[in-house]
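**Student:** Below is one structure. I have some questions about it.
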């Protein structure tokens, strides 16, 4: 008998195939169980090693031994005429068929949610990172606080959907859970901006927890396929790498808010059991923001673009489509209002004035839900010029609205930022720094808040401290307020750093930043030719540098043009505007934008003082 026929006769092929199928099912079951109990990776690795080593043993056993009615005997001791290998073979066939049916059923169920890579979820849940270490440098001079065991960060959930196009949805799930945990009394929750910088990065959990100054991490993944969703979440005590809780939720995508409520309840229950956190059931009830799942989906996509400040025209369209599906969707109106509010600054080439549109959307949002925070901030705006078109009568009303925004949601760090900007544009630098400090206490990674705080410190005369605060943000190539430091660096003799900041701020190629630096180094010379060169460059690249960086006009002494630049309100108290503040253009600027009237009603800022009669001056 040939070797092949002998192997077939002794059922070696059947045993080998059956072993492979059974071990595959065992591995799947072990992977699921070990994942949910948070077992270390070496346990699964050990199981796989035992399975691999067992294969040659099983094959050898099926070759050398046979199962008989009298028990297991060596194949060489059995009379071939008495052999029952054909009976054993049929039993093996039936067993293999059952295992194949089970495997096929499991595969069909699992494949609806999984990606091709079998270890994708384990890899994704173990990955995260943040901005460079320089950016994570504490901005405050206060001692490092003791990390409370009642502290948690919610990391962005990983998108494991088949097409990999549901990141906005998984981010939305994580953010909603974060918003729920914020309501739990006595629980310190890291802000969204701080924790979401770790998205799609590779950083271990203890390092993330140390950066965010939290003791616990909630991480997970979302698989969305058709009308089904699987959400996996696990709560980790990072102090001892202990899994406090983990679970997987497979649901029909009918009521996503009910799913969020279920997950949040499980998480808070675990926190209560493990950490002693107190929470009433009412604190974690999810209120359905809309009954239309498609509107919710559009809202999440629009919000994702707004947060990233990318494709704001598309974000506006997405919010508008969500509103069409559900006209009473207050959060969609809020998202539309916020996006319209920043659109003028982020889409300067757009011919539409988005401010009136933002006011209209904010008012509608408040009609539907007066407890929202962001619409009040939108109605006020950061450093907004008073105008009936903006919805406010004067800067006092703007301040009242910003106070309301902070009161409605103390964790709305954008409201703290915008109120700090409001005070900064009025010359009240101490109050501005206090708001920026509160913004960063709640959200240490909010780069816009970091740079505006640095500017306020600079305006207050603390140049070295301001530079120390600014420099870490430059490693992120972030430049909301960096241009006010260009003249400071030139004055300190660091023209190369000034050139680098100026170039990064203007972004477009061939910007004649040398003319800008030259004007700062030699203020008494005639720089009309340099300004003309800047104008030609701006026209060629369709760049409104007067709006984006009015400090350029100040450097060239073009004070009349600078006074018309909308964004000058953010930097008018900077060192680059010192000469401008000595001119009549400054006083006209102050009068036209309501600052003088506000000062006379509420008191002049420390940097300004009243002269004889009705005149005033600012340092």
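Rule-based calculations on the coordinates, nothing more; no lab input. Not measured: the values here are computed from a predicted model. Cβ: placed from backbone, ideal geometry, glycine included. Neighbour counts: every protein chain shown.
**Student:** Counting other C-beta atoms within 10 Å, which of 294, 171 has the fewest, and how do the rest follow?
**Tutor:** Details: 294 12, 171 21.
Neighbour counts put them in this order, fewest first: 294, 171.
**Student:** Please work out the C-alpha center-to-center distance from region 197-273 to region 467-509 and express it in whole Å.
**Tutor:** 39 Å
**Student:** Note down the nm distance, to one decimal, between modelled labels 7 Å out along Cα→Cβ at residue 148 and at residue 90.
**Tutor:** 7.2 nm
**Student:** Could you estimate the translational diffusion coefficient of region 479-559 from the Stokes-Einstein equation, with Rh from the Kirkwood formula over C-alpha pairs, at 10 °C and 1.306 mPa s, in whole µm²/s?
**Tutor:** 127 µm²/s
**Student:** I would also like to ask the following. Cβ neighbours within 10 Å, averaged per peptide: list 596-605, 405-414 in order, most packed at the top. Can you show the working numbers first?
**Tutor:** Working: 596-605: 15.9, 405-414: 19.1.
So the peptides 596-605, 405-414, ranked by packing, come out 405-414, 596-605.
**Student:** Which value in nm describes the separation of the simple spin-label points at residue 204 and residue 247, placed 7 Å from the Cα toward the beta carbon?
**Tutor:** Those two pseudo-labels are separated by 3.0 nm.
**Student:** Please list, by residue number, everything in region 470-492 whose backbone N is under 17 Å from a paramagnetic label point 7 Å out along Cα→Cβ of residue 521.
**Tutor:** The answer is 486-492.
**Student:** Another one. To make sure I understand, if each residue's beta carbon is the centre and we count other beta carbons within 10 Å, what order do 354, 591 fall in, fewest to most? All intermediate terms of the calculation are to be shown ahead of the outcome.
**Tutor:** On the way: 354 21, 591 11.
Ascending Cβ contact count within 10 Å gives the list 591, 354.
**Student:** Right, here's the next one. Residue 541 to residue 292: FRET efficiency via 1/(1 + (r/R0)^6), r the Cβ-Cβ distance, R0 51 Å, to the nearest 0.05?
**Tutor:** On the way: r = 43 Å, r/R0 = 0.84.
Given R0 = 51 Å and the Cβ-Cβ separation, E is 0.75.
**Student:** Based on the Cβ-Cβ distance from residue 480 to residue 185, what FRET efficiency comes out when R0 is 41 Å, to the nearest 0.05? Present the calculation step by step, with values, prior to reporting the outcome.
**Tutor:** Working: r = 35 Å, r/R0 = 0.84.
Calculated transfer efficiency: 0.75.
**Student:** Set the Förster radius R0 to 30 Å, insert the Cβ-Cβ distance between residue 254 and residue 320 as r into 1/(1 + (r/R0)^6), and round the FRET efficiency to 0.05.
**Tutor:** On the way: r = 25 Å, r/R0 = 0.83.
Rounded to the nearest 0.05, the efficiency is 0.75.
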